[in-house]
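Written out below as C-alpha cells is the structure these notes cover.
Quick note: the coordinates plus some simple rules give every number you see, no bench work behind them. Note that this is a predicted model, so its numbers are computed, not measured. Here Cβ is always computed from backbone atoms with ideal geometry, including for glycine, and neighbour counts include all displayed protein chains.
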Amino acid sequence: MKKKELFLIVGLILFGFIFQYFDSGKITFLENCNSSNISISDKNHPHEFTKNFTYEHPLKSIRIDNQAGGIKIFPSSDNKTSVQSVKIVYHADSSKVKKYKESVMIKSKISDNKVVLRSKSSKDDFPYKRVRTFFTVYVTANTKIEIKNRLGNINIENINGSVRINEKFGDIKINNVNSDISIINKFGNTEIKKISGKTELDLEFSKAEIEEINSLDCKISHSSLYLSDIGRSDSINIKGAHTRLILKNVNSDQIKIKDSHNKIEISKVNTREFIVSSRHCKIKAYKLNSDSISIKNSFNRIKLVDVSGKKLNILLSHGDLYASFVSMFDNIFITNSFSDIHLKIPSGKDPTLSMNTKYGIIKNETGLEIVSTKNKHLTTFSKKGTDFEININTSYGDITLSEQN
C-alpha cells in the first residue's frame, strides 16, 4: 500500500470518528457561542455615537433588525415609546473611525403606528469586525415586539405585548411577559421566566433554562434544556435531537417528549398524560405521577423510581429496564427485546401476572406462588390475582420480579 493511500485511509477513519461524535452531540465547541466569541478588531479602542428616537403615541408594534449588536427592552414609564441607539466603532485610527461610522446607518421608519428600526451598511457587507449597534427601547403597554439580531445579546423584561425573536450568536433573557413569545436562537443561551401566554422555541446549539411558563412547544437540537418550577401548564411538547432534557418540579396537563442520543431526566413531575418516544437515550424518572405513562426507547436503559399512576406502557429494545413502585398502577404492559427487566413491586399485594420470555429466564424473588411452564425456548409465568395487572413479553432477556423491603 502506498503512503498516500495509507494517509487517505487514516484521514477517512479520523473524519468518521469526528463526525460520529459531533452527530451524537458530544462535541460542543460550537455551543453557547455568543457575541464575546466573535473577534472584534481593536476592541480596546471603542468610539461611541448616540442617536435617540421618541414616538409620542402608543405603538401597535415595533420591529428591530440589527446586523450586529445587542437589544434591551423595558416598559415605558409614560405613554411614549423611546429608543436610545448606540453605535460603537472599534478602531485606533480616528480617520477610519469616521469612515466606519458613516458606513453604518441607523434608521427609523413609522407607518400606521408601526415602527421599524434598522442598522445596516451603506455597502454590501456590514463591517462586523469594526462596528456594533445597541438599542435600548422603552415600550408602552401591549406593543408587539419583533426582533432580528446577530452577534449580541437580547434582554426583555416586564412586557405585555407579544414577542417574536430571531437570534444568532447571542444570548436571550426574557422575564415576565404577559403574552405569547416565539424564539429562534442558534449558538446562544436562552433563559425564559414567567410567560403567561404560549412559548414557542426553535433552538440549536443552545443551553436553555425555562421556568414558570403556561405552555411550551419546543424544537431543539444539539443543546440542553432545563425545565423547572412550573406550577401549572396546559401542555409541554418537546421535539429534540442530541439534547439533554431535565424536567424538575413540573405540573402539566400533558407532556410529550421526543429525543435521541442523550439523557432524559425526570424529577417530581405530575401530569395527566406522559409520553416519551426516544432512541439511544438514557432515561431516568424519579417521583413521576401520571394517569398514563408511555415510554418507547432503544439502545439505552430506563430507570423508574417511585413512579405512580394508572397505566404504564413500555416498549424497549436493546436496553435494560429497572422499575420500582411504591404504589402500583392498575395495568402495566411491557414489550422488550435483547435486554433484562427488573421490577420491584409493593409487598403484600395480589397481582395478576402474565410473563413470557423467549431465550431468557424468569426469577421470582417474591413470596408469590407463580405457575411456571416451559416449552423449548419459551418460558411462561402466570398468576391470577385481585389487585393490579402486569403483562410482560420479552425475548433474549431475563425477567426479575422482587418486592420492596
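Å³ per residue of the Cα convex hull, for the range 201-240? Don't jump to the answer; show the numbers that get you there.
Working: hull volume 1.9 nm³, N = 40.
Per residue, the Cα convex hull of the range 201-240 comes to 48 Å³.
Projected area of the range 301-405, taken from the Cα convex hull and averaged over every viewing direction, in nm²?
Numbers: hull surface 22.8 nm².
In nm², the orientation-averaged hull projection of the range 301-405 is 5.7.
Starting with the fewest neighbours, write out V131, V305 ranked by other beta-carbon atoms found within 10 Å of each beta-carbon.
Numbers: V131 24, V305 16.
Result, fewest neighbours first: V305, V131.
Could you tell me the extents of the chain's C-alpha atoms along the three principal axes, largest first, rounded to whole Å?
Computed over the chain, the largest-to-smallest principal extents equal 91, 71, 33 Å.
If I model the range 189-295 as equal point scatterers sitting on the Cα atoms and use the Debye formula, what is log10 I(q)/I(0) at q = 0.18, 0.21, 0.24 Å⁻¹?
-0.78, -1.10, -1.47
Please give the net charge around E403, taking every other residue with its beta carbon less than 12 angstrom from that of E403, where Lys and Arg add +1 and Asp and Glu add -1.
Values: positive: K344, K349; negative: E365.
Net charge around E403: +1.
Give me the net charge of K129's neighbourhood, meaning all other residues with Cβ under 13 Å from the Cβ of K129; Lys, Arg count +1, Asp, Glu -1.
Numbers: positive: K43, K96, R130, R132; negative: D42, D125.
Around K129, the charge tally is +2.
How large is Rg/Rh for the range 120-170, to two decimals, with Cα atoms and a Kirkwood Rh?
Values: Rg = 13.3 Å, Rh = 12.9 Å.
Dividing the radius of gyration by the Kirkwood radius yields 1.03.
Give the share of C-alpha pairs in each 10 angstrom bin for the range 246-319, from 0 to the last occupied bin, in whole percents, shortest bins first.
21, 60, 19, 0
Which angle from 0 to 90°, rounded to the nearest 10, does the C-alpha axis of helix 94-103 make with the longest principal axis of the chain?
70 degrees
List, in order, the whole-Hz ³J(HN,Hα) value for each residue of the range 237-251 obtained from phi through the Karplus relation with A = 6.51, B = -1.76, C = 1.60 and θ = phi - 60°; use x for Gly and Pro.
Result, rounded to whole Hz: 10, 10, 10, x, 8, 6, 10, 7, 10, 10, 10, 9, 6, 10, 10.
Would you list S223, S85, S103 from fewest to most Cβ contacts within 10 Å?
Going from least to most buried by this count: S103, S85, S223.
With θ taken as phi - 60° and the coefficients 6.51, -1.76 and 1.60, list the Karplus ³J(HN,Hα) couplings across the range 337-343 in order, rounded to whole Hz; mark glycine and proline as x.
With the stated coefficients, the range 337-343 comes to 8, 6, 6, 9, 10, 10, 10 Hz.
HN-Hα J couplings of the range 313-318 from phi, Karplus 6.51/-1.76/1.60, θ = phi - 60°, integer Hz, Gly and Pro as x?
10, 10, 10, 9, 9, 6
Helix 3-23 versus the longest principal axis of the chain: what is the Cα-based angle in degrees, 0 to 90, to the nearest 10?
The two axes meet at around 90 degrees.
In whole angstrom, how long is each semi-axis of the equivalent ellipsoid of the range 34-157, when you take the square root of 5 times every eigenvalue of its Cα gyration tensor and sort them from largest down?
On the way: eigenvalues 149, 41, 31 Å².
Output for the range 34-157: semi-axes of 27, 14, 12 Å.
Could you name the aspartates and glutamates in cross-link range of K129, using Cα to Cα under 12 Å and dropping any fewer than eight places away on the same chain?
D42
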